[in-house]
1. Under 1.5 on a/c is rounded, so check that first for segment 133-249, then, if it is not, pick prolate when a/b is larger than b/c and oblate when it is not; a ≥ b ≥ c are the square roots of the alpha carbon gyration tensor eigenvalues.
2. Can you give the extra length, in nm with one decimal, that the chain gains between residue 92 and residue 211 once fully stretched, where that is 0.36 nm per residue apart less the Cα-Cα distance?
3. Please report the spacing between the Cα centers of segment 158-230 and segment 97-119 in Å, no decimals.
4. Please work out the FRET efficiency for the pair residue 226 and residue 249, using the Cβ-Cβ distance as r and a Förster radius of 35 Å; give the result to the nearest 0.05.
5. Going 7 Å from the Cα of residue 241 in the Cα-to-Cβ direction, what parts of segment 187-208 have a backbone nitrogen less than 18 Å from that spot?
6. For Cα pairs less than 8 Å apart in space and 6+ apart in sequence, what is the mean separation divided by the residue count of segment 7-264, i.e. the relative contact order in percent?
7. Under a plain spin-label model, where a point goes 7 Å from the Cα along Cα-to-Cβ, how far apart in nm are residue 259 and residue 233?
8. Let me see the P(r) profile for the chain: every Cα-Cα distance counted, bins of 10 Å, each bin given as a percent of all pairs.
Ligand code: ZN
């Protein structure tokens, strides 16, 4: 998908150079690699806007890496190295089909700009603090990737919801929780600035998938002995909003931060 896109951009660029003397072709990086592409908003998801409207076929054109969820909130999405997975409430990671849809996702083409060494992080908060100290700015979006063996990872997934959809906080009351010990795998996530509150999860939002790509989920807690955290700085931001379903009428004027904190970890 990415290669095809690059070729098309390259051809358009050659055409522009032929027609417009002095034209300069844009850096590929700014066209795709460094854009965080988001579907819908976290506050809509918080209020039960769970109808999938954006296909994974289309989403895959915007990134090879990212996190999200599925139509009717049917599990946790992890995209890594161009492969998309659905961790359902049974804890199993299933391959995602292109005709499936998402109500909320964030993806990018991952290319590490920075590596942050962390060690002896005994829980999520300690890990966050170590990474926080090394992030170049608090006013940015980052994609975060950690490959390694983790002493402990605790994840969750959620079962598909039925209409009328509950709020996310009520849906997660029925979440399944999974605990992994000495597990090898990949942490896939996003760090978003405080200014993006309401649009996305401010701070860390991390998912996990095992090295055999068979299990994982939304990370509730983890321990890290020693790992290299890869950070992709993504100064570009694009957002696709639904034009159908509950989104048009949901009230997005409220501050839902305290409700969000209770369910994220
Ligand atoms: Zn999540």
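Laboratory data are not the source of any read-out in this text; all were calculated from the coordinates shown. Because the structure is predicted, anything quoted here is derived from the model rather than measured. Every residue, glycine as well, gets a Cβ built from its backbone with ideal geometry; the counts of neighbours run over all protein chains shown.
1. Numbers: a/c = 2.31, a/b = 1.17, b/c = 1.97.
Oblate shape, in that a/c is at least 1.5 and b/c is the bigger or equal ratio.
2. Working: separation 119, 0.36 × 119 = 42.84 nm, distance 1.30 nm.
So the chain would gain 41.5 nm between residue 92 and residue 211.
3. Value for the Cα centre distance between the two parts: 12 Å.
4. On the way: r = 49 Å, r/R0 = 1.40.
It comes out at approximately 0.10.
5. 196-201
6. Details: 627 pairs, mean separation 69.2, N = 258.
Averaging sequence separation for qualifying contacts and normalising by length gives 27 percent for segment 7-264.
7. The two pseudo-label positions are separated by 3.6 nm.
8. Result returned by the calculation: 7, 30, 36, 19, 6, 2, 0.
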